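Notes for the one structure printed next.
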Amino acid sequence: MRLGINLGYWGAGMDADNLAVAQEADRLGYAVCWAAEAYGSDGPTVLSWVAAQTERIDVGSAIFQIPARTPAMTAMTAATLDSLSGGRFRLGLGVSGPQVSEGWYGVKFDKPLSRTREYVEIVRKAMARERLSYEGEHWTLPLPGGPGKPIKLTVHPTREHIPLYIAAIGPRNLEQTGEIADGALLIFPSAAHLEDTALRHIRAGRAKAGLTLDGFDVSPTLPLALGEDVSALADVFRPYTALYVGGMGSRKQNFYNQLAQRMGYEKQAAEIQDRYLAGDKDGAAAAVPQDLIDSTCLLGPVQRIADRMREYAEAGVTTLNLSPAGFTLDERIAGLRAGVEALELAGLA
């Protein structure tokens, strides 16, 4: 099992720290550094900045939002980043959510599965430097009846095949991801529930494409916090968990809430959402069960984290992306180093 680092969203006064974290992860031998985007900093600029100031670590988008760019633009960006980084780019895609898609980008959040499938097909054709023509439900290239003609990408990526990941939570999205992608970006993964909530769906998609899980990158992100008091460490992540389970998306379309329900927290997920949407964020955080936090984060001393890493590896995770907690750079760097130490203790390095 390999380790990755997830920087999350750039900004909030942490830019210099994030770069230092990426550089330390590069020095420590982490496999990949991911960066996110929502409605603040954009992913490509951040990844260019990181790639220019690191040597070996891959840089990946977790994620580029599908409503933010045309598929051809995404292919151009991926090819450029792969070229500039010397073949170190990984392309992660996701549909975002209804509030961001419609409120920020003005793109209707409908038919996310077919939209993702068409998007991936166009991106792959463009990155393969085929002359781009496509007829689908969501995109038609070139536009009919006009001056457009099939053209091909002029930039040559360093690699013939840029790894393509999809951020997936729901069963149907996970199955499609197994069918059309090279990896899955997962959030709130519980090792005990990984087979039922994710892997069996991914495996079904792989089988549909005549493939197995061999070579497919199961790549979840887990927050990490060091210390002896696991209960106190869990409290650090209560607002984070409440935000996603209670306040991310709408009442009818909250994929994280649905995931918590599939993990057996139906009543708690409903209460967290009710409180959060009513404006009681503290109450929502208090309603998050400690075992939900503990099972989806890496908490405690290094040996306990090593034991948990072994559970994830046995469950089928191939790249474990860490998000070390800390208010200071030193704390985050300590988390990075603890991740490497734990991986070695677990016998997985």
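Being over 14 Å from the mean Cα position of the chain (by Cα), within 16 Å of Leu93 (Cα to Cα) and outside any helix (DSSP H, G or I), is that true of even one residue in region 48-55?
Restricting attention to region 48-55, the residues satisfying the condition of being over 14 Å from the mean Cα position of the chain (by Cα) are 48-55.
Narrowing the set further to residues that are within 16 Å of Leu93 (Cα to Cα) leaves none.
No, region 48-55 contains no residue that is over 14 Å from the mean Cα position of the chain (by Cα), within 16 Å of Leu93 (Cα to Cα) and outside any helix (DSSP H, G or I).
To keep it simple, each residue is scored yes or no on (1) among the small types (Gly, Ala, Ser); (2) more than 25 Å from Gly339 (Cα to Cα); (3) more than 20 Å from the chain's Cα centre (by Cα).
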position	(1), (2), (3)
Gly215	yes, no, no
Val230	no, no, yes
Asp235	no, no, yes
Lys252	no, yes, yes
Lys267	no, yes, yes
Tyr276	no, yes, yes
Gly316	yes, no, no
Phe327	no, no, yes
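How many residues does region 128-159 hold that are farther than 12 Å from Ala75 by Cα, in contact with a helix residue (DSSP H, G or I) (Cβ under 9 Å, 6 or more places away or on another chain) and not hydroxyl-bearing (Ser, Thr, Tyr)? Explain how you work it out, then say what you get.
From region 128-159, those farther than 12 Å from Ala75 by Cα are 131, 133-151, 158-159; that's our starting set.
Cutting the leftovers down to in contact with a helix residue (DSSP H, G or I) (Cβ under 9 Å, 6 or more places away or on another chain) gives us 131, 133-134, 136-139, 141, 158-159.
The next check asks that each one be not hydroxyl-bearing (Ser, Thr, Tyr); those that pass are 131, 136-139, 141, 159.
Total meeting the criteria: 7.
Please indicate, with yes or no, whether at least one residue in region 141-154 is within 23 Å of Arg69 (Cα to Cα) and either within 25 Å of the chain's Cα centre (by Cα) or not assigned by TED's automatic domain parsing to the domain that holds Arg115 (or both).
In the first step, residues of region 141-154 are kept if they are within 23 Å of Arg69 (Cα to Cα); the result is 141-144, 146-154.
Now drop any that are not either within 25 Å of the chain's Cα centre (by Cα) or not assigned by TED's automatic domain parsing to the domain that holds Arg115 (or both), which leaves none.
No, because not a single residue in region 141-154 is within 23 Å of Arg69 (Cα to Cα) and either within 25 Å of the chain's Cα centre (by Cα) or not assigned by TED's automatic domain parsing to the domain that holds Arg115 (or both).
Each residue in region 257-294 was checked for being under 20 Å from Ala225 (Cβ atoms) and of a type in the set (Ser, Thr, Tyr), and 0 pass. In this structure, Val59 qualifies as outside any loop (DSSP other than H, G, I, E, B) and either touching a strand residue (DSSP E or B) at 6+ places or on another chain (Cβ under 7 Å) or farther than 17 Å from Thr158 by Cβ (or both).
The set of residues in region 226-261 being among the hydrophobic types (A, V, I, L, M, F, W, C), free of Cβ contacts under 8 Å to residues at least 60 places away in the same chain and surrounded by 16 or more Cβ atoms within 10 Å (Cβ to Cβ) consists of Ala242, Leu243, Val245. Looking across region 283-319 at every residue that is touching a strand residue (DSSP E or B) at 6+ places or on another chain (Cβ under 6 Å) and outside any helix (DSSP H, G or I), the one that is nearest to Leu199 (Cα to Cα) is identified as Gly316.
If we scan region 176-192, do we find a residue that is charged (D, E, K, R) and exposed (fewer than 15 other Cβ atoms within 10 Å of the Cβ)? Scanning region 176-192 turns up no residue that is charged (D, E, K, R) and exposed (fewer than 15 other Cβ atoms within 10 Å of the Cβ).
In region 96-115, the qualifying residues are those that are without any contact (Cβ under 8 Å) to a residue 40 or more places away in the chain and out of contact with any Asp or Glu (no Cβ under 9 Å at 6 or more places or on another chain), and the one that is farthest from Ala68 (Cα to Cα) is Asp110. Residues in region 259-282 that are farther than 27 Å from Arg308 by Cα and either assigned to a helix (DSSP H, G or I) or in contact with a Pro (Cβ under 7 Å, 6 or more places away or on another chain) (or both): Ala270, Glu271, Gln273, Asp274, Arg275, Tyr276, Leu277, Lys281, Asp282. Filtering Ser96, Ser85 for residues that are among the polar types (S, T, N, Q), at pLDDT below 95 and surrounded by 16 or more Cβ atoms within 10 Å (Cβ to Cβ) leaves a single hit, Ser96.
In region 204-258, how many residues are aliphatic (A, V, I, L, M) and either at positive phi or outside any helix (DSSP H, G or I) (or both)? Walk me through how you get there before you give the answer.
In the first step, residues of region 204-258 are kept if they are aliphatic (A, V, I, L, M); the result is 204, 207, 209, 211, 213, 218, 222, 224-226, 230, 232-234, 236, 242-243, 245, 248.
Retained after the next criterion (residues that are either at positive phi or outside any helix (DSSP H, G or I) (or both)): 209, 211, 213, 218, 222, 224-226, 248.
Of the residues in that region, 9 qualify.
Specify which of the listed residues (Ala35, Ala52) is more than 24 Å from Phe327 (Cβ to Cβ) and either at pLDDT 95 or above or outside the structural domain of Gly106 (by TED's automatic domain parsing) (or both). So that I can check it myself, show each step before the final result.
Numbers: Ala35 fails: more than 24 Å from Phe327 (Cβ to Cβ).
Exactly one residue qualifies, and that residue is Ala52.
The set of residues in region 122-161 being under 14 Å from Thr80 (Cα atoms) and among the acidic types (Asp, Glu) consists of Glu160 alone.
The values are calculated or read from the model by the stated rules, or taken from the named source; none is laboratory data. Please read these numbers as outputs of a predicted model, since none were measured by experiment. With ideal geometry, Cβ positions are generated from the backbone for all residues, glycine too; neighbour counts draw on all protein chains shown.
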